[in-house]
Structure formats: C-alpha cells, structure tokens
Amino acid sequence: MTSAMTFSKILIANRGEIACRVIRTARNLGYQTVAVFADADREAPHVALADEAVHIGASPAAESYLRFDAILEAARKTGADAVHPGYGFLSENAAFAQACVDAGLVFIGPPASAIEAMGDKALAKRRMIDAGVPCAPGYLGEQQGDAQLIEEAEKLGFPLLVKAVAGGGGRGMRLVRHFAELQQGIDGARREATSAFGDGTLMLERLIDNGRHIEIQVFADAHGNAVYLGERDCTAQRRRQKVIEEAPSPVVTPAMREAMGKDAVAAALAVGYRGAGTVEFIVDDKLKHYFLEMNTRLQVEHPVTEMITGYDLVEWQLRVAAGEPLPAKQSDIQLTGHAIEARLYVEDPYAGFAPQTGKVLWWQPARALHAGVRIDDGIVQGSVISPFYDPMVAKVIVHGRDRNDAIRRLRAALANTPLLGLRNNGRFLSDLVDHPAFRNAGMTTTMIDQWMEQGEPLLQAAVPSDDVWRVAAMAMAMRHGNSWRSDSVAAFDMNVQCGDLVRSVRARPDRLGGISLILDGVAVQARVLTFTEGVLRFEIHGVVQSAVVVASGTEVHMALNGHSFVFSEVSAFPNADALKDASRARSPVAGKVTQILVAAGDAVQDGQAMVCVEAMKMEMWLTAEAIGTVQAVNAKVGDQVESGALLIELEIELKTTKDA
C-alpha cells in the first residue's frame, strides 16, 4: 500500500470549478495532477489545466463521475497515487473512499468510517443526540415505506423536510408545508436522491421556521489535533440550495461562536475524523442552534473562510493527507474582516430559477479581479453548458474591511463580470445583497422561496431603460452591411424586441461616427467611439460609457451598468413554431424525461402536470395550458430532449378555456 507520506500525483475525481481549484493548489505545492472527464466535458477548463486527463465515460454522472471502476482505472493508467474527490459526486461515499485505499491510493479526505458515520444523515443525528448536541425533532427509522413515512410525518406535524440520508447540497430534499404536498415530496426526494447519490433512503425533520443556516468549518489531523475556523452564514437559499454565503455571520456573537465551534470539534473527534469537514446548524429566531448534519468534505463556500483566516484549506487537506500535523493551533486562528461569496448559476431567477443550457458567449472574469476580489470558475468563453450537471458555473468571492465594504465590492465585481449567452442569476445576486433583508441580517432559509410565492419585486426581471434600448439599436444598426461599424449613412427602421417588449427605432449613422436614434418618435444623438473585442464605448447625452456587446445569430447580448439583456430584431416573417400554442407542449429546458403522467387518448385539465424533465438536478414540470385530449406523446422516460422539443400534442376543447 502506498504510504500517505509519499504521494506525488493527485487525481481529481470531479469537474468544474472545484477541479480547477484543487489543481491550482496541488500544482503550487509541487504535485502532478490528473483530471477525469465525461463526454460533455472533453473541452472543459479543468481538463486543459491538469497535467494529464482521462476520459471516464458518457455525460450522465452515473456513467462517468459516479463510476468507481472508471476513476480507479484512470489512476492506475496515469500512475496517480492519491485521489481528491472535491465535493458532490463521490466525495461523501464511504465505499469509494475505502475502494481508493484498497487500491493503494491515498484518499484526500476523512477515513471511510468517519464518512459512513457522518455521511448517513440519520446515523449522524443519532450520534449527536447521544452526545447531547441539540437536534430538531425528526424520524430516523429504517422503515422506508410510504405508509410509514406518512404516519411519522403526521406525528411530527408541518412544515417539515423530507431529506435523503445520503444527501448534500440541497439535493434529495423537499420542503413540505401541508399534508397534501407530502406524497409528492416523498416521491421527489427519493427519486432525486437515487439519481444523485444512488441511495433513496429518506429521513424526516421538523422545519425550524424562520431559521438561519450557520455552519462551522472544522479540521482534524492524524495526530489527534482538531480546530474550528469560525463560522459561515449560508442563510440566503432558494429551494434549500445556497446562493450567498458569508463569514463571519452577522448574528453570531463570540460566545456563540465558541460554543458552536466546540460542539463541532467534539463531533469530529467522536468519529475519528481527519481532514476538512463542516458541521451545519439551523439557528432559530432566539439564536438557539440545532444540529443539521456534518458534511465530510470541502464545502462549496470554503473560500470565505480562506478569505477571513488567510489559510488555503486545500493546502491543509493535502498536508493532512500526507501525514503532517495541522498548520495552526486553535489559538493561532484569527478572523479578519468580512467575506461574501455569490454563486453564479446559469438559471433564470425571473422564471422560477429554471436551469439554462447553451454556449457562453462572453465571460472575462479577469476584468473584475481587483484587491479583495477572487473568482473561482469552471468555464471559459465558448464553453457549452450541458444539462447533465449542477447549474453553478462560478463563484465570485470578495473580502472587505467590514460587511458593508464587502457588499459594495461584491456588487462591483458582479457588475464587472457579466456572463452573456445564457440567462443567469448575476443581477439577482447583486440585488439580493443590497436588499434590506440581507443588509439588516434578516434573511431566513425560506425567505427567497416565500418571495417567489408573493411576487417580490426582486424576482421580477428589469425593464431596459430608454438609453439601453438606444445602445441596442446602435449595435444593431452597425450590424447592417455585415459590419460592426457605421459604413453607411442610410437610415434603418427596426422593430427591436427584448423579452415580451417590442419598440420601434430609426437609426441614421453619419460618416463621423455619430448616429441619430429615434426611439418611439423621440430623437437622441449618439456616437460610437470604439468597439474592441466585444466592448462598445459610446457617448449619449454627452456621457461616455461602455457596454459589452456580443452578436449571436439574430440576437444581440448586452451588459450595461450591471444589467444583462438580449435584444433581437423582429422579423416580418415570424416563425410559426415560435408562436404560443396550447396544443403543442414543448420542453421548458434541455434535459432528461423522468416522468410521463399522460398517454394518447387521456383527457387533461388546465394546469394538469403531464411530463417531468430533469436538468441540472432540478425537476421542471410541463403542464397543460387548456382543457383537451392527448393526441400524441413524443417522448419516453429516459429520453434526453432539447429545450423546445415537442413532447405532447393535444386537441384543445373549444370554448372551454379560461377566457370562454
């Protein structure tokens, strides 16, 4: 067996930004690195960044990143003698950790026994109860039949959480507020857990309403030492998935930090823990904490801890795995300033956070890198985002002197790092950290979900200002003649569309770079100054500004003043297939068909669920938009479908729609 003191080549059993993150630190310490990749990731940045890379299978995670045999074979072929699992996928799989050790590899993480003890959420909770750590009421039994789960749920009362015992990252979890939602919650959590973790075992937990999610970063070595490195506040979540994390928490006092830290360290030592781990707590409105779970891996949000402590946690992982003692004692660890991390997801927050797929047309994070700003990403300009994996593509992390300083820096960094080509949550993140609920530390874990139900303005897409329309028209006018410059003085009349809005524009360029823009009858003089590598510098109203402008087909994607928009010129001959038609139900996203609830000949009601498509680990339901009869079902369970694919054809009943 390879000694933990002698590994020299590390295989990273993951993808995306965490694979890139681990590779960079490993190479800085002198280790060689090996990447693994599925079909969809053949051109991914982590593949190019590593010293070597090995193809391990088809795009679905079950056929690649979750395959023990493929990963261990990749290590054998390349001579790798250590494996770093990152987070997600196999990072909390005790059998995989043991398989690595059995193959003579160093597993850069806790021993399999600790993963088993803490990775099973129900078992971990039992251990915490035995240790006297406060836990929320729940059901942890082995009886997994629907009838048993329903009976136990009724005893606990609502609201409650249905959780996968092997879960993590919000996967395999459903919030159930009423009995009527319970069966769907059980089915959805079990299905998602089986898909993501290969284990559909569930537990129930009474929801601590209006709570805050606060976690403690712990680290232990093989010499009996263990420390905690402060806390992270991960309260800002949607559908139990974190979107903003910060350290330290704005509500935690020094005494509370010490108490939670000691509980977390005791939990780690109780299971013989080694390496990086996170103990998660839910804190109620009286600041009383309850144990949620322990994640036996590096967390997505670890950079905020690095920012306020000055330590590289991946370096700590590698040193501990090599048999070294922890680099610092508890008394050495000091927290300085405030750090915030924003998770950049390719999803549309203004359409129920629907996941997006497609090509990245613009991504230049170096433009935002200033003092106190860090960006961890797993994409490059030109990357194609597939439906097979998590929608998080980057993390924007900032460090400031205090919390207000960090918020200001984060908003500036997000504005300077537009992602064009796919709808994403960049603007939403900026608006969220400026919202009074966040600024005043009043967020709860369910607040964003409640906003979705209540129509909170924060979740309504911005309407382009008149000047934004003018810049879009300027860009479109320059495209005429197959050129991005004004080489004609002929006037152009256009109908320009953004979302559901269409406005009329007349643009008349002159030979000196000026353009007269008439928007809905109002004339404004504008001037193009430069257009270089996607950055358009222009003057309107005597004010010089810059916008990122990228053309793709008939569309113009633009980022200006922290907002991103997509404009198109309305054709005189619209595509009939693009028109809204209740008789033709199309897939809302590119993804995998996981459920079909109707068949040819079935009668359907307005709003009835028909097909479920899973993309980026999120389920999207296609519902009937009128009363009718199913004429054809053009897909089967397991099919991969494109966004807009025609899945169900209906015959609509006349005079029975809502307007009849």
Checklist line | the stretch 215-324 - Rg and Dmax from Cα coordinates, angstrom | finding: 13.5, 43
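Per the Kirkwood treatment, what hydrodynamic radius in Å, one decimal, follows for the stretch 466-569 from the mean inverse distance over all distinct Cα pairs?
Computed over the stretch 466-569, the radius equals 13.4 Å.
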Notebook entry, point to check: Can you run phi through the Karplus equation (6.51, -1.76, 1.60; θ = phi - 60°) for the stretch 410-417 and list ³J(HN,Hα) in whole Hz, with x for Gly and Pro?
Noted result: 5, 4, 5, 5, 5, 5, 8, 10
Notebook entry, point to check: In degrees, nearest 10, range 0 to 90: what is the angle between the Cα axis of helix 68-78 and the longest Cα principal axis of the chain?
Noted result: 90
Note to self: Once the convex hull of the alpha carbons of the stretch 114-162 is built, what does its volume come to per residue, in cubic angstrom?
What the structure shows: 86
Item checked: Calculated from backbone phi, Karplus (6.51, -1.76, 1.60) coupling profile of the stretch 640-646 in Hz, x at Gly/Pro -> 8, 10, 8, 4, x, 4, 6
Checklist line | the stretch 411-554: relative contact order as a whole-number percent, Cα under 8 Å and 6+ apart | finding: 11
Check: Given DSSP loops and a limit of at most 11 other Cβ atoms within 10 Å, what is the longest stretch of the chain that contains no such GluC sites (Glu not before Pro)?
Finding: 143-532
Note to self: Apply the Karplus curve 6.51 cos²θ - 1.76 cosθ + 1.60, θ = phi - 60°, to the phi angles in the stretch 236-243 and return the couplings in whole Hz, x for Gly and Pro.
What the structure shows: 6, 9, 10, 6, 6, 10, 5, 10
Next item on the list: Using only Cα positions of the stretch 1-147, each an equal point scatterer, no hydration layer, compute I(q)/I(0) via Debye at q = 0.15 Å⁻¹ and quote the log10 values to two decimals.
Entry: -0.77
Item checked: Alpha-carbon centroids, the stretch 228-296 and the stretch 503-517: separation in whole Å -> 57
Note to self: Only sites in a loop by DSSP and with at most 14 other Cβ atoms within 10 Å count here; which trypsin sites (Lys or Arg not before Pro) in the stretch 267-361 make the cut?
What the structure shows: LYS286, LYS288, LYS329
Notebook entry, point to check: Given +1 on the Cβ of Lys and Arg, -1 on the Cβ of Asp and Glu, and no further charges, what dipole in debye does the stretch 137-206 carry about its Cα centre, rounded to the nearest 20?
Noted result: 260
Checklist line | the chain - percent relative contact order, Cα under 8 Å, separation 6 or more | finding: 9
Margin query: I'm spelling it out carefully: the read-out is volume of the Cα convex hull per residue in Å³, the candidates are (i) 196; (ii) 186; (iii) 170, and one was derived from this structure. Which label?
Written below: (iii)
Next item on the list: Measure nothing but the geometry: give the 0 to 90° angle between the long axis through the Cα atoms of 182-197 and the longest principal axis through the Cα atoms of the chain, rounded to 10°.
Entry: 80
Margin query: With unit charges on the beta carbons (Lys and Arg positive, Asp and Glu negative) and the dipole taken about the Cα centre of the chain, which residue among VAL598, ALA267, ALA222 sits farthest to the positive side?
Written below: ALA222
Next item on the list: Using every pair of alpha-carbon atoms in the stretch 581-652, split the distances into 10 Å bins beginning at 0 and state the percent of pairs per bin, rounded to integers.
Entry: 24, 58, 18, 1
Next item on the list: List the extent of the Cα atoms of the stretch 212-459 along each of their three principal axes, largest first, rounded to whole Å.
Entry: 50, 41, 35
Next item on the list: Determine the equivalent ellipsoid of the stretch 137-206 by diagonalising the alpha-carbon gyration tensor, then write out the semi-axes as square roots of 5 times the eigenvalues, largest first, rounded to whole Å.
Entry: 17, 12, 11
Notebook entry, point to check: If you take all C-alpha pairs in the stretch 393-468, what percent of them are over 21 Å apart?
Noted result: 35
Item checked: Modelled FRET efficiency - R0 30 Å, TRP621 with THR530, Cβ distances, 0.05 increments -> 0.05
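Just so you know, all these numbers are worked out from the coordinates, no wet-lab data involved. Quick caveat: nothing in here was measured; it's all calculated off a predicted structure. As a convention, Cβ positions derive from the backbone with ideal geometry for all residues, glycine included, and neighbour counts pool all protein chains shown.
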